[in-house]
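Okay, so here's the structure we're looking at.
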Amino acid sequence: MTQKLTAQQRVQKQHVWLMNNPEYCLYSGLFVFGKTEVVDDIPTACTDGVNVKYGTAFVDSLDDQCLRGLILHETLHKAFRHTTVWRHLYEKNPRLANMACDYVINLLIVDSDRMGNDVRLPEGGLIDEKYRGMDAGEVYKMLDKDQQEKGKSNGQGDSGDDQGSQESEGFDEHDWEASDKLSEQEREGMAREVDQALRQGALLAGRLKGNVPRGVSELLEAKVNWREVLRDFVSSFANEHDSSTWRRPNRRWVDQGVYMPSAVSETMGEMVVAIDTSGSIGQEELSRFLGEVMAICRDVNPERVHLLYWDTEVAQHETYEQGQYESMLQSTKPKGGGGTDVVCAPKYIKEKSLKPECVLVLTDGYLSGSWGEWEQPVFWGITMKNIQSSVGVSVYVGE
């Protein structure tokens with residue numbers, strides 16, 4: 001006779017099932033992020049954004065498919081950092097904040113298995129197609145508006161915090177109070193760990209030919225204006241900049257995971273712009289990037305700009321002096337079209353004894369070798385999403 005698994009064992013078993021499935025291995029790092037407990041005093045399930053608790057009786061009431069759906073539901077709350085990012089909504093209306101977060105992630109779960117053969121949401125899960133493509137903040141606004149209108153139609157005026165009830169309010173709880181006890185440093189650390197877990201999961205999903213849902217891929221995209229990051233980067237290497245500025249990060253970017261120096265100036269020495277011409281960079285991307293470089297040159301007026309075109313070697317080297325930057329886009333003649341090995345660029349810079357204050361690289365990020373060994377600070381403008389360099393500052397410049 002087969003011994004019945006305990007609720008704790010069932011949760012562990014379904015974690016393993018999800019980790020081994022190409023559709024859900026994306027979340028492998030988050031399944032083991034924080035503590036997972038099965039306890040008797042939780043009616044359904046609850047997460048504080050790091051740790052998850054499952055109610056014993058609730059787990060026992062679910063079949064394997066619904067238990068997987070429940071695990072994914074709690075894990076996606078962690079992935080989207082709902083209890084920290086949207087805490088201000090909780091402070092306005094806890095009930096609507098809970099519902100808004102659930103509507104967002106439940107659509108992802110249902111989309112992953114439309115037939116519900118392997119994964120289903122437990123009964124009471126909030127689903128509505130009208131919220132597709134929205135974040136929790138946008139859903140909250142719609143819920144709040146609906147509540148206000150319902151209150152007015154009932155002759156109640158302002159409907160207040162908890163009037164205008166819905167048919168269902170979801171099946172789990174969200175521990176917003178625990179997240180409020182975290183320090184700013186702890187929140188930043190949590191955000192970094194979640195991001196790292198998702199990025200590692202995305203690589204695993206790619207190897208297993210799994211899927212990265214659009215909502216999750218958007219979490220992995222840089223949320224910064226690449227033009228502003230590029231301007232700050234170049235400006236910080238002017239001749240009169242403070243040599244200690246890289247040890248004093250620009251607070252404007254720290255919250256978004258991009259570390260930039262805080263000092264700026266209005267003049268600088270030479271600069272190298274290295275463009276990938278392996279065939280993957282189109283004229284649109286080239287014009288957009290060089291147009292921004294020209295605009296920056298007007299601001300900081302570098303002594304000289306070396307424009308390098310490379311594939312597996314530097315195929316073209318153009319030099320522009322002060323007063324010539326406006327003609328760069330019209331006069332440049334890209335060359336190349338072979339493989340993609342950026343190592344040739346820093347090697348060329350060293351061989352030609354170029355002394356740039358910084359290097360700006362435009363590439364799709366699909367390199368045949370390493371990211372190179374650079375003696376200068378380097379900015380990577382990467383045209384493909386979800387690729388980060390191992391050296392320097394890298395930002396997605398696809399838009």
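Could you list, in sequence order, all residues of region 379-390 that are buried (at least 19 other Cβ atoms within 10 Å of the Cβ) and in contact (Cβ under 8 Å) with a residue 24 or more places away in the chain? I'd like the intermediate steps shown before the answer.
Taking region 379-390 as the starting set, the residues that turn out to be buried (at least 19 other Cβ atoms within 10 Å of the Cβ) are 379-383, 389.
Selection gives PHE379, GLY381, THR383, SER389.
Which number in (1) within 16 Å of ALA7 (Cα to Cα); (2) surrounded by fewer than 19 Cβ atoms within 10 Å (Cβ to Cβ); (3) not aromatic (Phe, Trp, Tyr) marks the one condition that LYS53 misses?
Tallying (1) within 16 Å of ALA7 (Cα to Cα); (2) surrounded by fewer than 19 Cβ atoms within 10 Å (Cβ to Cβ); (3) not aromatic (Phe, Trp, Tyr), LYS53 fails exactly one: (2).
Would you check which residues across region 48-84 are polar (S, T, N, Q), over 15 Å from ALA197 (Cβ atoms) and over 20 Å from the mean Cα position of the chain (by Cα) and list them? Even if it seems obvious, please write down each step before you answer.
Taking region 48-84 and keeping what is polar (S, T, N, Q), we get 51, 56, 61, 65, 75, 83-84.
With over 15 Å from ALA197 (Cβ atoms) added as a condition, the list becomes 56, 61, 65, 83-84.
Scanning region 48-84 gives THR56, SER61, GLN65.
From the residues in region 359-375 that are at pLDDT 90 or above and in contact with an Asp or Glu (Cβ under 7 Å, 6 or more places away or on another chain), which one is surrounded by the most Cβ atoms within 10 Å (Cβ to Cβ)?
The extreme case among them is THR363.
Please indicate, with yes or no, whether at least one residue in region 369-377 is in contact with a Gly (Cβ under 8 Å, 6 or more places away or on another chain), part of a strand (DSSP E or B) and in the same structural domain as GLU303 (by TED's automatic domain parsing).
There is no residue in region 369-377 that is in contact with a Gly (Cβ under 8 Å, 6 or more places away or on another chain), part of a strand (DSSP E or B) and in the same structural domain as GLU303 (by TED's automatic domain parsing).
Residue check: is GLU123 modelled with pLDDT under 95, in the same structural domain as GLY170 (by TED's automatic domain parsing) and more than 20 Å from the chain's Cα centre (by Cα)? Give the derivation first.
Details: modelled with pLDDT under 95: yes; in the same structural domain as GLY170 (by TED's automatic domain parsing): yes; more than 20 Å from the chain's Cα centre (by Cα): yes.
So GLU123 fits the description; yes.
The rows are residues; the columns are (1) aliphatic (A, V, I, L, M); (2) in a loop (DSSP other than H, G, I, E, B).
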site	(1), (2)
MET294	yes, no
ALA315	yes, no
VAL342	yes, yes
PRO346	no, no
LEU354	yes, yes
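When the residues of region 92-145 are narrowed to those that are among the β-branched types (Val, Ile, Thr) and surrounded by 20 or more Cβ atoms within 10 Å (Cβ to Cβ), which ends up farthest from GLY210 (Cα to Cα)? Steps first, please.
Taking region 92-145 and keeping what is among the β-branched types (Val, Ile, Thr), we get 104-105, 109-110, 119, 127, 139.
Now drop any that are not surrounded by 20 or more Cβ atoms within 10 Å (Cβ to Cβ), which leaves 104-105, 109, 119, 139.
Numbers: VAL104: 21, ILE105: 18, ILE109: 15, VAL119: 16, VAL139: 28 Å.
Filtering first and then ranking leaves VAL139.
Counting only residues that are part of a helix (DSSP H, G or I) and touching an Asp or Glu at 6+ places or on another chain (Cβ under 6 Å), how many does region 86-95 have? Steps first, answer last, please.
Quick first cut of region 86-95, residues part of a helix (DSSP H, G or I) only: 87-92, 94-95.
After this cut, where a residue has to be touching an Asp or Glu at 6+ places or on another chain (Cβ under 6 Å) as well, the list is 95.
Total meeting the criteria: 1.
The values are calculated or read from the model by the stated rules, or taken from the named source; none is laboratory data. Note that the coordinates shown come from a computational prediction; the quantities given were computed from them, not determined experimentally. Reconstructed Cβ throughout: ideal geometry from the backbone, glycine too, with neighbour counts over all protein chains shown.
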